[in-house]
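The values are calculated or read from the model by the stated rules, or taken from the named source; none is laboratory data. Since we're looking at a predicted model, the values are computed, not measured. Virtual Cβ from ideal backbone geometry, glycine too; neighbours counted across all protein chains shown. Heads up: the accessible areas ignore ligands, DNA and RNA and are worked out on the full protein's heavy atoms, side chains in. Shrake-Rupley method; radii C 1.70, N 1.55, O 1.52, S 1.80 Å.
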Amino acid sequence: RKVKVERADKLICVFPFVVKAFEMEIIPAERIVAQIGGTLILTCNTTGCASPSFSWRTQMDSPLGGKVSSHRTHSTLTMNPVSIVNSHSYLCTVICDNGKKKEKSVKVELYSFPSDPIIEISPSLVAGEPATVTCKIPDVYPSDHLEVLLKKDQHVLHEKDFSEDDSTNTETKVVTYTLHPTAEDIGKEITCVARLPIADMDFEPKERTSSQKLNANFGPQNTVITASPGNSPMEGDSLNLTCVTQSNPPAQIVWSKYLAQESIQHLTKNNVLSIPHVHFNDSGLYICEVINPVTNKKENATVDIIIQGAPVITKLSIEPSTTVQEGENVSIQCSAESNPPPKIILRRKSDSADMGPYSARSILLPSVTFQNGGDYECVAENKFGSSKREITLTVKYGPKNTMITVIPTTALKEGETVTMKCISSGNPAPVISWKKKKATGVSEKISENATLTIQNLKSQDLGVYECEAYNQFGKEEKAVKLYVQARLEEPDQMIPIIIAFSSAAAVAVPAVAILIYVSRQAKINGSYSLVKALRLKV
């Protein structure tokens with residue numbers, strides 16, 4: 001305040017000088033909570049002292065564990081990073097230039113709770129098999145206050161506190177739990193909750209959590225096969241076989257089919273096996289094999305597929321060939337497939353063969369004859385329909401049944417025309433030629449046609465005529481003889497009447513010669529005729 005001093009000659013004003021008292025403080029005061037690994041700065045301030053002297057020490061005269069920096073009116077003790085050695089009461093001493101001294105202390109309390117828990121699961125979860133869940137709380141201090149919970153979703157699996165732990169430094173604390181996962185656990189969360197509830201220490205957070213979704217490997221299991229449109233489709237329909245299984249991770253699928261002799265045909269690696277148009281040979285036992293590549297487990301499912309439908313003739317054959325030589329052994333076989341099994345009828349179409357139907361799959365023809373040749377048919381039928389195929393058996397054979405016919409069949413006179421026709425069967429068709437036997441007994445070929453015509457018949461045309469039928473498998477011959485048979489009643493008159501006799505050559509079956517007798521003599525103008533003539537047939 002201002003003081004007035006009055007004198008006689010003048011007024012003097014005096015302003016008093018206020019001197020501050022010597023004081024000190026520590027910031028923060030009295031108590032501080034610091035996290036190990038962080039940075040802590042303690043500041044010692046003074047007032048009322050122009051040239052203070054600062055010093056720092058611990059109450060136990062332990063190392064400071066920090067760096068001191070003094071300035072004009074304050075001093076700092078920096079701990080970077082804060083470590084366990086900084087858990088002390090720190091004393092700051094200030095001595096003023098007038099010798100006065102002051103001291104103040106601050107208690108540094110430490111904690112360490114730097115990061116969230118770490119969850120580990122080993123080995124990989126497999127449904128039904130135990131696994132160890134590990135929760136690690138890194139660098140915690142003081143651990144005797146630590147509380148840990150393990151939860152699956154909201155269900156508490158395990159609790160642990162470390163109240164009896166006597167650790168004097170930061171440590172990673174570990175909690176383990178044996179989990180027996182199921183397939184239903186997939187997608188649920190395992191949560192580790194770590195708490196460090198120190199009531200008289202003010203820090204955040206005092207709770208840390210970590211979560212991990214469960215991905216339990218399991219299977220394969222409950223593997224089934226569905227067949228669309230069903231297990232017994234009609235021949236020609238489409239068929240889809242779908243293999244469904246429960247597995248994590250998804251299973252690898254391999255389709256196969258049982259064949260004869262227990263062999264297996266591998267088909268595809270998709271979960272759906274598609275056959276656009278099924279055939280009877282698609283019937284059988286199909287296998288879906290599923291493999292989990294993580295659990296290394298396998299499971300099989302099977303389905304028996306039966307293709308239904310009308311018969312399909314798969315084989316109609318003639319052994320040794322469809323063209324054979326007479327005398328060979330021949331087998332005709334027919335095969336068909338269908339479901340239900342077909343009734344098979346194998347028969348010859350020609351009624352004249354008199355072979356009848358065969359309710360069998362084969363016909364055996366030992367020493368086949370030309371009569372066995374012809375068309376054969378196989379008919380297969382069941383309740384869904386029928387199928388028919390034909391095959392032709394060709395039998396090669398030598399000439400047979402050679403015959404000669406003579407026209408006209410009445411008695412012949414000189415000057416008339418006679419026609420002799422030769423026919424024969426054989427395969428290939430026989431080549432026919434005519435020969436005439438000379439008086440010397442030697443035969444001379446006179447024609448290569450089946451029909452031999454003699455015009456203006458003369459006595460020198462009389463004799464034996466031979467027909468020869470020939471192919472690569474043999475030959476057959478037949479003969480006919482033209483000669484005089486009748487005379488007139490008057491011995492001085494003889495008009496030749498030429499009669500034809502037929503006979504077989506030595507290589508053929510003997511033919512029966514049919515004699516044509518002149519029953520009556522005609523006396524009109526010297527001409528003669530036969531009362532009766534028989535047709536010649538061989």
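Here LYS298 is the anchor, and the lysines within straight C-alpha reach of less than 21 Å, apart from those fewer than 8 places off in the same chain, are LYS257, LYS269. With the highest mean first, a sort of the peptides 89-96, 360-367, 160-167 on other beta-carbon atoms found within 10 angstrom per residue produces 89-96, 360-367, 160-167.
Among 413-421, 469-477, the peptide with the highest mean count of other Cβ atoms within 10 Å heads the list, and the full ranking is 469-477, 413-421. What the phi angles of the range 106-112 give under the Karplus curve with 6.51, -1.76 and 1.60, with θ = phi - 60°, is a coupling list of 9, 8, 9, 10, 10, 8, 9 Hz, glycine and proline written as x. Using 0.36 nm per residue of separation minus the Cα-Cα distance, give me the extension gain between GLU204 and ASN449 in nm, one decimal. Gain on extension, GLU204 to ASN449, equals 75.1 nm.
Each principal axis of the Cα cloud of the range 23-111 was taken in turn, and the coordinate range along them, longest first, works out to 40, 22, 20 Å. Ranking ASN296, VAL254, ALA227 by how far each Cα lies toward the positive end of the dipole of the range 219-305 (charges on Cβ) leaves ASN296 at the top. Cross-link reach is defined here as a Cα-Cα straight distance under 18 Å, omitting same-chain residues fewer than 8 places apart; for LYS383 the lysines meeting it are LYS343. Sequentially through the range 228-243, phi angles give Karplus couplings (6.51, -1.76, 1.60; θ = phi - 60°) of 10, x, x, 7, 10, x, 7, 4, x, 6, 8, 9, 10, 10, 10, 9 Hz, Gly and Pro residues having no value and appearing as x.
Global size of the range 204-307: 19.4, 77 Å for Rg and Dmax (C-alpha atoms, Rg to one decimal, Dmax whole). Given +1 at the Cβ of Lys and Arg, -1 at the Cβ of Asp and Glu and no other charges, the dipole of the range 219-305 around its Cα centre is 340 debye to the nearest 20.
Legend: residues ILE26, ILE84, sorted from most to least accessible area (1.4 Å probe; ligands, DNA and RNA excluded), read ILE84, ILE26. Accessible surface area normalised per residue over the range 23-111 is 52 Å², counting heavy atoms of protein chains with a 1.4 Å rolling probe. In terms of its Cα atoms, the range 118-216 spans 45, 21, 17 Å along the principal axes, sorted from long to short. Cross-link partners of LYS188 among lysines, defined as those whose alpha carbon lies under 24 angstrom from its own and excluding same-chain residues fewer than eight positions apart: LYS136, LYS151, LYS152, LYS160, LYS213, LYS297.
For the charge dipole of the range 258-367, defined by +1 on Lys and Arg C-beta atoms and -1 on Asp and Glu C-beta atoms about the Cα centroid, which residue among SER350, ASN270, GLY284 has the Cα displaced farthest towards the positive pole? Farthest towards the positive pole: ASN270.
Ordered by 1.4 Å accessible area with all protein chains kept, ILE32, ILE318 run largest first as ILE32, ILE318. If a/c stays under 1.5 just call it rounded; otherwise compare a/b with b/c (prolate if a/b is bigger, oblate if not). Do that for the range 410-471, with a ≥ b ≥ c from the square roots of the Cα gyration tensor eigenvalues. Oblate. Relative to the Cα centre, the charge distribution of the range 118-216, modelled as +1 at Lys and Arg Cβ and -1 at Asp and Glu Cβ, gives a dipole magnitude of about 460 debye.
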